[in-house]
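Report on the following structure.
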Amino acid sequence: MDIKRIAGDNIRGFRTQKGWSQEELAGKAGLFYTYIGKVERGEATISISNLAIIAKVLKVEPNILLIKDSYKNSR
């Protein structure tokens, strides 16, 4: 599986566990919701800086977002 897809799946998983929309996550992270959507679908390459910002907002360590299905183990 592609690392962009792994990160995107984890971001979506952690976001939905919090009950947030893409718009809510984007607002908290200071990013565009369209960008969040592209990242979650694996269509956009996420920078390390944005990965760190999103991880901070989601309250997880950035490396956790790069481990396949890590959001499933956080419930």
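Suppose the filter is touching a helix residue (DSSP H, G or I) at 6+ places or on another chain (Cβ under 8 Å), loosely packed, with under 14 Cβ neighbours inside 10 Å, among the aromatic types (Phe, Trp, Tyr) and modelled with pLDDT of 95 or more; does Phe32 pass it?
Spelling it out, Phe32 is indeed touching a helix residue (DSSP H, G or I) at 6+ places or on another chain (Cβ under 8 Å), loosely packed, with under 14 Cβ neighbours inside 10 Å, among the aromatic types (Phe, Trp, Tyr) and modelled with pLDDT of 95 or more.
In the range 63-75, what residues are under 20 Å from Gly19 (Cα atoms) and either free of Cβ contacts under 8 Å to residues at least 40 places away in the same chain or part of a helix (DSSP H, G or I) (or both)?
Start the filter on the range 63-75 by keeping residues that are under 20 Å from Gly19 (Cα atoms), which leaves 64-65, 69-75.
Correct list: Ile64, Leu65, Ser70, Tyr71, Lys72, Asn73.
For the range 24-38, which residues satisfy the criterion of being over 14 Å from Leu58 (Cα atoms) and part of a helix (DSSP H, G or I)? Break it down stepwise before answering.
Going residue by residue through the range 24-38, those that are over 14 Å from Leu58 (Cα atoms) are 32-35, 37-38.
Answer for the range 24-38, where residues must be over 14 Å from Leu58 (Cα atoms) and part of a helix (DSSP H, G or I): Tyr33, Thr34, Tyr35, Gly37, Lys38.
Quick check, is Ile6 outside any helix (DSSP H, G or I) and crowded, with 17+ Cβ neighbours inside 10 Å?
Details: outside any helix (DSSP H, G or I): no; crowded, with 17+ Cβ neighbours inside 10 Å: yes.
No; evaluated as a whole, the condition is false for this residue.
Please go through the range 39-61 and give me each residue that is assigned to a helix (DSSP H, G or I), surrounded by 17 or more Cβ atoms within 10 Å (Cβ to Cβ) and not hydrophobic (A, V, I, L, M, F, W, C), ordered by number.
Correct list: Glu40, Asn50.
The values are calculated or read from the model by the stated rules, or taken from the named source; none is laboratory data. It should be emphasised that the depicted structure is a prediction, and the values quoted were computed from it without experimental measurement. FYI the Cβ positions are ideal-geometry reconstructions off the backbone, even for glycines, and counts take in every protein chain you see.
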